[in-house]
1. Could you name every one of the helices (runs of 4 or more DSSP H) located completely within the stretch B:195-279 that has at least 3 residues being over 20 Å from B:R145 (Cβ atoms)?
2. Name the single residue that is surrounded by the fewest Cβ atoms within 10 Å (Cβ to Cβ) among those in the stretch B:188-205 being touching a residue at least 24 places away in the same chain (Cβ under 8 Å) and of a type in the set (A, V, I, L, M).
3. Going through the stretch B:178-194 one residue at a time, which ones are in a loop (DSSP other than H, G, I, E, B) and either of a type outside the set (A, V, I, L, M, F, W, C) or within 11 Å of chain A (Cβ to nearest Cβ) (or both)?
4. Are any residues in the stretch A:262-317 basic (K, R) and either modelled with pLDDT of 85 or more or in a helix (DSSP H, G or I) (or both), and if so, which ones?
5. For the stretch A:116-152, what are the residues that are under 21 Å from B:R288 (Cα atoms) and over 20 Å from the mean Cα position of the chain (by Cα)?
6. In the list B:V149, B:V130, which residue meets the criterion of being surrounded by fewer than 18 Cβ atoms within 10 Å (Cβ to Cβ), under 20 Å from the mean Cα position of the chain (by Cα) and either closer than 26 Å to A:F286 by Cβ or modelled with pLDDT of 80 or more (or both)?
7. Specify which of the listed residues (B:I166, B:I132, B:I219) is in contact (Cβ under 8 Å) with a residue 60 or more places away in the chain, within 14 Å of another protein chain (Cβ to nearest Cβ) and hydrophobic (A, V, I, L, M, F, W, C).
Amino acid sequence: MQTSSQPTPVMLLPADELETPPLSPGQLAWRRFRRHKMALFGAVVLILLFVYAFGGALIFPESYANYTDTSLRLSPPSAKHPFGTDTIGRDVLARTIYGGQISLIIGLLAVSIESLIGILVGALAGYYGGFLDSLLMRITEAMLNIPEIFLLIVMAKFFGGRIPEIHLLGRVFSGSVIVIVVIIGLTSWMYLARIVRAEFLSIKENEFVLAARATGTSNFEIIFRHILPNSIAPIIVSATLGVANAILAEAYISFLGLGVQPPTATWGNMLDGANNYLESAPWLWFFPGLLILLTVLSINFLGDGLRDAFDPHSRAV
Amino acid sequence: MGRYIIKRLLQGIPLLFFISIILFVLMMNMGDPVATMGGRRVTRASDYERLRRQLGLDKPIYTQYLYWLIGNDWTKTDVDGDGIAETPGTRRGVLRGDFGVSLVTRKPVLQVIGERLPNTLILMLASEFVIIVGSLLVGVYSALRQYSVLDHIVTAFSFIGYSMPIFFIALLSMYVFGVLFKRWGLPYLPTVGMFDPQAGKTAAQVLWHMVLPVLSISIISFAAYSRYIRSTMLEVLGQDYIRTARAKGLPRREVVYVHALKNASLPIVTVVGLDLPLLLGGAVVTERIFAWPGMGRLFLDHVSRSDLPVVMGILMMIATAVVVFQILTDIVYAWLDPRIRYEK
């Protein structure tokens, strides 16, 4: 490489050295990602879903989504109510818009908590090893041995019904939103912790870590500034797929009536009790269910594409 | 091998202790079981105190855990509230097979669970059977005809199945096969319950009512399994010994179904072994939708009434099943694949 102060020699280089500049890892990943048609499709659908949930709020005010008109209860889809109305006459379309906001926000926030715990546990266990490692991994293993839905139910009971309503941006949210975010985060970090630990175990053997240690870099800095950035790819993939799982978890727990409490709508709690109207009002469960499926499906496509893009060797089955 | 099994079992025991402690701490805040006990009648403060004492709920958490674990028949407890421990305990503790008595029904926990467990098991085993047989057929077919139309359909389907929430596929299939078929005058499937009360609990009735739940559970896992079988089958078909088998003139049928399939189905054992106990968890939502009287519904009913002994019993049973199945899976895998040798 020549410095910019000597521009002329570049012109004299033989043709085969004048190839395209090397691509950064990010550019390479983007090239691989672009080839993944399903992942692009997933990304587009996901953007549309975000536009639906957050753009739709510009058309329908929240008061409309919570407006009850019992004379209109369970009316089938019509021009005025394209998705029909629910058991107390609320517009299902407006509720899927506001429910979508909450469901998507829960998915993102829960994954933030999940990543925070998962990275911390995995990094500490992988970096320090020894007793700390076996203690943290036994906890991880213990949590993994109980199916997530049971843990969610038990934790929903544990934290449930004690957080008051939240006033934010001029809107009122049920306090159970926070509870759900926390319990989903608390019950889903285990796989991420294992992935991060494995990454740390292999990366910490590298020479640059030894060099960092030799120059007296603190453990904190080695963990978070030297090793963690090198293991970011699997974390991003895992976190992306984690959003899908968090949205599903919210739907399951709200479907069982233990999740977010009305009047705050989520796609999950709109389904609660909908099976009682299986025959008479299929629109009650069809639209929220379809939206959940679409969201989870496109996130899974996206995560799959990211996995291939970041690591071409580990092709998913 | 024997030593390996013993070692794994010994590792499993502290793990289960650990799980029981985590769960027990979580249980402490599940709500007040005495509050829901009175039913219509409001409990008097003195009765309330007495009930808590009799149930041992006034004790600190570590004492409650100890009594749950090893029983309290070795000590005396204070039941009448005069501060003197005089009544000998009767509980024998989980370690001696006594999971306590349900706070709701006053029946032994093992009996309460035992009444519901078979219902869940027939649902789960039938689903697992459908999943394995179906995915073997489709997986082998799409491996042999890679990139055919069916192969592409299965690929697309596997992603949808994997992302499908169980309640959505359940409601959808109930609507199509239960409601629409009825409307169209076709033979329709029952959507709720385990049998028609008028017809009684006959094998035919139960089978007929099982169709939709089994279908819903299977669709979720079926697609992923068949993709898995497809990829292991493709891998095996590319190996040298398959070429050798072909070269020595064995019929294609024998090469595929005897030589290749045998090795390709090995990794499936792992997936099935690890999935089986988790199916018990998937049952919570399925049983709720289909009103199937199994363990999942039992769990929900008793969680809502803060029935600690039953809830702990169910959770510990599932955790034990997960641990045992993990060990079994490793053993079966080593037995099937002689290349695997576990360290002593």
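The values are calculated or read from the model by the stated rules, or taken from the named source; none is laboratory data. The shown structure was predicted, so the numbers you read here are calculated from the model rather than taken from an experiment. When we count neighbours, we look across all protein chains shown, and the Cβ atoms used for this are built from the backbone with ideal geometry, even at glycine.
1. B:203-237, B:240-247
2. Among those that are touching a residue at least 24 places away in the same chain (Cβ under 8 Å) and of a type in the set (A, V, I, L, M), it is B:V192.
3. Of everything in the stretch B:178-194, those that are in a loop (DSSP other than H, G, I, E, B) and either of a type outside the set (A, V, I, L, M, F, W, C) or within 11 Å of chain A (Cβ to nearest Cβ) (or both) turn out to be B:G185, B:P187, B:Y188, B:P190, B:T191, B:V192, B:G193.
4. A:R307
5. Answer for the stretch A:116-152, where residues must be under 21 Å from B:R288 (Cα atoms) and over 20 Å from the mean Cα position of the chain (by Cα): A:I146, A:F150.
6. B:V130
7. B:I166
Yes or no, residue by residue, for (1) touching a Leu at 6+ places or on another chain (Cβ under 9 Å); (2) of a type in the set (A, V, I, L, M, F, W, C):
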residue: B:K107; (1), (2): no, no
residue: B:S127; (1), (2): yes, no
residue: B:G139; (1), (2): no, no
residue: B:R145; (1), (2): no, no
residue: B:A156; (1), (2): no, yes
residue: B:I160; (1), (2): yes, yes
residue: B:S163; (1), (2): yes, no
residue: B:V179; (1), (2): yes, yes
